[in-house]
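S.K.: Sharing a structure below in structure tokens format, with a few things to ask.
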Amino acid sequence: MPKEILVPDIGDFDNVEVIEVLVHAGDTVAAEDSLISVESDKAAMEIPAPQAGVVKEVKVQVGDSVSEGSLILLLEPTGDASDASEAETKAEPAPVAAPTAAPEPKAAAANVAPTAKKVSPTAKINEETFSKAYASPSVRKFARELGVDLGQVEGSGRKNRITREDVKDFVKRILSQPAAAGGLGVAPMPEIDFSQWGEIETKPLSKINKLTGQFLHRNWVTVPHVTQFDEADITDMEAFRKSMAAEYKEKGIRITPLVFMLKALVSAMKQFPRFCSSLDATGENLILKNYYNIGIAVDTPDGLVVPVVQNVDRKSLVDLAVELGEISLKAREKKLKPADMQGGCMTISSLGGIGGTKFTPIVNAPEVAILGVSRSKMQPVWNGEEFEPRLMLPLSLSYDHRVIDGADGARFTSFLSRVLSDTRRLLL
């Protein structure tokens, strides 16, 4: 008899939208083949088949809302259906689909290391990031046996799904690193009772604070940073911007200096392609990108997030102004999806609206550079005959010294300054 396939435990998600139906009546599926894709305001995931069989009837369609226990389809089991796979699905929360069945976890573990005891120090599992990782129940179980935090593993499967091979490769990389690489050989911070000196209050960090902290710490200790400082004369650019701002104010469009920064940055990245690249996982190959997606660091009440503006080179200043307003609002209302924060080539961190003269931003790896922008101010500038007041914008460019040398860093900021000083260059 056909068996009802229901939505399993998918964690905190409830009434999520079906965005893709991956099977049809008559299809033959293997255990853990993807059946449907669902998406919430936080993330997207795929729901896997608990066992092999033939799809008799699909009960959902794109646009439907489903929760745990909702009927997905009727499946007629074929051959020797895997009861173990089904039990595994029920036992493990928030499953994500795996395209193909994989070997038993214990057998795979034997290929990674002699004993799990040696591997367990590779990572301390963070349950929040672990539960949100794109991985099947069997891969989750496998990772737990090895003590691997899936939140630190990059997936190579469909839609960045984490496979057993990804977990094994992660463990191999950790084991091949010197002992100091994991913690830099530095003693842990001592536990101190601060209340001995006065009244205190303990306030937990937000989820965004925790994740951002882990990410930035990893980047700071693994990327050899160099920061190049420069200034751009934006007197003429600012005059043009103000004229545009007045023109578009009635249309509800806010023209900010950041839209000019986006276009100027694309011009500089085209002139210096290494700034639009990433090192591969081995660190031995450079991947040059032929697209221009730029991340914008947004300060929210819960912490820093970096939504990505896609294809900046194909959009006008007005298009960018509209999009910046939309993503800033989504960021502050916690409506950004994971896809909104992926695919960046370089990042801009602007503190001009707050203050400061210069700072050293941390590279948003796997990107190789980040541009920091501080508050502009009027300064006397010698024009060859006399001093004249000019509006100068401080720039702070941090870059990965493995990819970019100091000379190219200086050339990049010099070129960027020239473009910002004469907006006509944006047309070139």
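Every number here is computed from the coordinates shown, using simple stated rules; none is lab data. Because the structure is a prediction, the values reported are computed rather than measured. We place every Cβ from the backbone using ideal geometry, glycine too, and count neighbours over all the protein chains shown.
S.K.: Kirkwood Rh over Cα pairs of region 230-337 into Stokes-Einstein at 4 °C, 1.567 mPa s: D in µm²/s? Don't skip to the answer; put the middle values down first.
M.R.: Working: Rh = 15.7 Å.
After rounding, the answer is 83 µm²/s.
S.K.: Distance check, please: which entries in LYS263/LYS289; LYS249/LYS315; LYS210/LYS337; LYS249/LYS358 exceed 21 angstrom between their Cα atoms? Please report the intermediate quantities before stating the final value.
M.R.: Details: LYS263/LYS289 17 Å; LYS249/LYS315 19 Å; LYS210/LYS337 18 Å; LYS249/LYS358 30 Å.
Violating the 21 Å Cα-Cα cut-off are LYS249/LYS358.
S.K.: Treating cross-link reach as a plain straight distance, find the aspartates and glutamates whose alpha-carbon is under 13 Å from the alpha-carbon of LYS56, omitting any fewer than eight places away in the same chain.
M.R.: Filter leaves GLU4, ASP27, GLU76.
S.K.: With labels modelled as points extended 7 Å from the Cα through the Cβ direction, what inter-label distance (nm, one decimal) is found for LEU427 paired with THR282?
M.R.: With each label placed 7 Å out from Cα toward Cβ, I get 4.7 nm.
S.K.: Continuing with the same structure: Looking only at region 270-399, where both bridge partners belong to it, what percent of the DSSP beta bridges are antiparallel (to the nearest 5)?
M.R.: Of the beta bridges lying entirely in region 270-399, close to 75 percent run antiparallel.
S.K.: I've got another one for you. With a 10 Å Cβ neighbour count serving as the proxy for reagent exposure, in which order, fewest first, do ILE253, ILE72 appear?
M.R.: ILE253, ILE72
S.K.: At q = 0.12, 0.17 Å⁻¹, what log₁₀ I(q)/I(0) does region 209-427 have when each alpha carbon counts as one equal point scatterer in the Debye sum?
M.R.: Each listed q maps to, in turn, -0.64, -1.30.
S.K.: Ranked highest first by average number of other Cβ atoms within 10 Å, how do 241-248, 223-230 line up? Could you put the intermediate results ahead of the total?
M.R.: On the way: 241-248: 13.8, 223-230: 16.6.
Going by the mean number of other Cβ atoms within 10 Å, highest first, we get 223-230, 241-248.
S.K.: Follow-up question, since we're still on this one. Give me the number: length gained by fully extending SER243 to ALA410, i.e. 0.36 nm times residue separation minus the C-alpha to C-alpha distance, one decimal in nm.
M.R.: Numbers: separation 167, 0.36 × 167 = 60.12 nm, distance 3.16 nm.
Gain in length upon complete extension: 57.0 nm.
S.K.: Taking neighbour Cβ counts within 10 Å as the exposure measure, how do ASP169, ASP405, ASP33 sort from fewest upward? Provide the component values of the computation, followed by the final result.
M.R.: On the way: ASP169 16, ASP405 13, ASP33 20.
Going from least to most buried by this count: ASP405, ASP169, ASP33.
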